[in-house]
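Handing you a structure now.
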Amino acid sequence: MLKKDLIELCLLHLLAQGDRYGYYLLKRLHTVFPDTQESAVYALLRGLCREGCLEQYLGQTSDGPARKYYHLTGEGPTRYAALLEQWRALSAALAELGVE
């Protein structure tokens with residue numbers, strides 16, 4: 001499982017908890033993956049939208065520009081479950097080798 005897949009798993013996990021706007025997702029990911037580029041995160045979000053895993057919409061705000069929100073749809077839960085299973089298999093394999 002590559003870093004791209006891990007970030008995608010994290011995005012889907014956060015969105016499984018509820019709709020989130022892009023900047024929130026970016027800042028949350030930076031707490032775990034500080035070297036991740038903003039453009040990479042938004043590219044992953046666009047890709048997940050194209051694949052039918054996410055939809056985006058503009059949220060209402062009291063001031064400033066509207067925020068672009070994302071939510072799981074269609075293939076989202078299926079993709080999330082597949083990535084989570086890959087992560088669990090990788091974690092188990094590493095643990096079996098004694099890698100912590």
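Taking the alpha-carbon set of the range 1-42, what are its Rg and Dmax in Å?
For the range 1-42, the Cα-based Rg and Dmax read 9.6, 26 Å.
Sticking with this one: When the convex hull of the Cα atoms of the chain is projected onto a plane and the area is averaged over all directions, what value comes out in nm²?
7.0
How long is the gain from LEU2 to ASP19 if the chain were fully straight, where each residue apart is worth 0.36 nm and the alpha carbon distance is subtracted?
Result for the pair: 3.6 nm of gain on full extension.
At 1.4 Å probe size, what's the solvent-accessible area of ASP19? Round to the nearest 10 Å².
70
Relative to the present Cα-Cα distance, how much length would full extension add between GLU75 and ALA43 at 0.36 nm per residue of separation? Please list the in-between numbers first.
On the way: separation 32, 0.36 × 32 = 11.52 nm, distance 1.77 nm.
Computed gain between GLU75 and ALA43 is 9.8 nm.
Shifting gears a bit: Mind giving me the nanometre distance, one decimal, between the label points for GLN60 and ALA93, set 7 Å out from Cα along Cα→Cβ?
4.9
Roughly speaking, to the nearest percent, how much of the chain's 1.4 Å accessible area is carbon and sulfur?
Numbers: 3480 of 6400 Å².
After summing per-atom areas, the C and S share lands at 54 percent.
Rounded to the nearest 500, what is the 222 nm mean residue ellipticity of the chain from helices alone, with -39500 (n - 2.57) per DSSP H run of 4+ residues and division by all residues?
-18500 deg cm²/dmol
The values are calculated or read from the model by the stated rules, or taken from the named source; none is laboratory data. Predicted model, so just to flag it, every value in this text is computed and none were measured. Virtual Cβ from ideal backbone geometry, glycine too; neighbours counted across all protein chains shown. What goes into the accessible areas is simple: the full protein's heavy atoms, side chains included, and nothing from ligands, DNA or RNA. Shrake-Rupley method; radii C 1.70, N 1.55, O 1.52, S 1.80 Å.
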